[in-house]
Amino acid sequence: MALRVVLADDNFLVRQGTAALLAEAADVDVVALAEDGPSLVQVVRATAPDAVLTDIRMPPTWTDEGLRAAKQIRRDHPGTGVVVLSQYAEPADVMDLLSGGVAGLGYLLKERIGRLDELVAALEAVCRGGSALDPQVVEALVTRRREQERSPLAALSERELAVLREMATGKSNAAIARALHVSERAVEKHTNALFAKLGVSEEPDVNRRVLAVLRFLEAATPD
């Protein structure tokens, strides 16, 4: 069954172009378009999509309409995943978006629009209740806090941190193995180790991955 997606962007060309790009994916169906935060919330209420792809800044205030709409959609429609698109990697915006939890939420840079496989993978990840963060955002967060003595990330080995970075972008174990050129069994080993070091309890796999990403964000975000 195709992934039913609602797309929101105030720019007509970006909106139509992104919709046309997503239409090329065999397993994606763009069911509605919106051009601002309020209309996005209304369209989601009317269509009950599997996922939403929205710009971060839209009318009427051009500030954080996408963020506010994303959080409202997750509250009102917990079965709908939301990926927010931004021109820049802004850690403050990321943490604002994820302040109520990371499950079912994603944050990507707009340059990812041209990479259909990555865009679809992010939408699929949030639909499953996972998360998807842009690699550039992840790297910016890690770089700021990796060396702090009290950071939980300091306890992770370089390989475990690499696995966690990839996990934060929404990748499955198989995809992480391909990205790091290691076996899937090795990824499972490192994943279990980092779960233990980050104090992630025994829960269903998706929940454990979401919790691990949350620990990662808490540790990597500046005070």
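A short reminder: the numbers here are calculations on the coordinates, not readings from a lab. Small disclaimer: the values here were computed from a predicted structure and weren't measured. For neighbour counting, all protein chains shown are included, and Cβ atoms are generated from backbone atoms with ideal geometry for every residue, glycine included.
A compact table of results
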| read-out | value |
| --- | --- |
| Cα-based helix-to-principal-axis angle, 65-76 vs the chain, degrees rounded to 10 | 80 degrees |
| For the chain, built as a Gaussian network whose Cα springs stay under 10 Å, the top-fluctuating residue of T80, T47, T169 | T47 |
| Neighbour-count order for S183, S131, S39, S86, fewest beta carbons within 10 angstrom listed first | S183, S39, S86, S131 |
| Kirkwood-based shape ratio for the chain, expressed as Rg/Rh from alpha carbons | 0.97 |
| Within a Gaussian network of the chain (alpha carbon springs, distance under 10 Å), most fluctuating of L108, L40, L21 | L21 |
| Point-to-point label distance, R115-E139, nm (Cα→Cβ direction, 7 Å offset) | 1.0 nm |
| Dipole-positive endmost among L13, A46, L156 within the chain (Cβ charges, Cα centre) | L156 |
| Between 0 and 90°, nearest 10: helix 116-127 axis offset from the chain longest Cα axis | 80 degrees |
| Among the listed pairs K71/K197; K110/K189; K71/K189; K110/K171, those beyond 27 Å (Cα-Cα) | K71/K197; K110/K189; K71/K189 |
| Ascending count of other beta-carbon atoms within 10 Å, so fewest first, for L98, L109 | L109, L98 |
| Distance between region 28-78 and region 88-128 - C-alpha centres, whole angstrom | 14 Å |
| Helix-derived mean residue ellipticity, 222 nm - over the chain, DSSP H n ≥ 4, -39500 (n - 2.57), to 500 | -15500 deg cm²/dmol |
| Ranking of K189, K197, K171 by count of other Cβ atoms within 10 Å, fewest first | K189, K197, K171 |
| Rounded to 10°, Cα long-axis angle of helix 135-145 versus longest principal axis of the chain | 50 degrees |
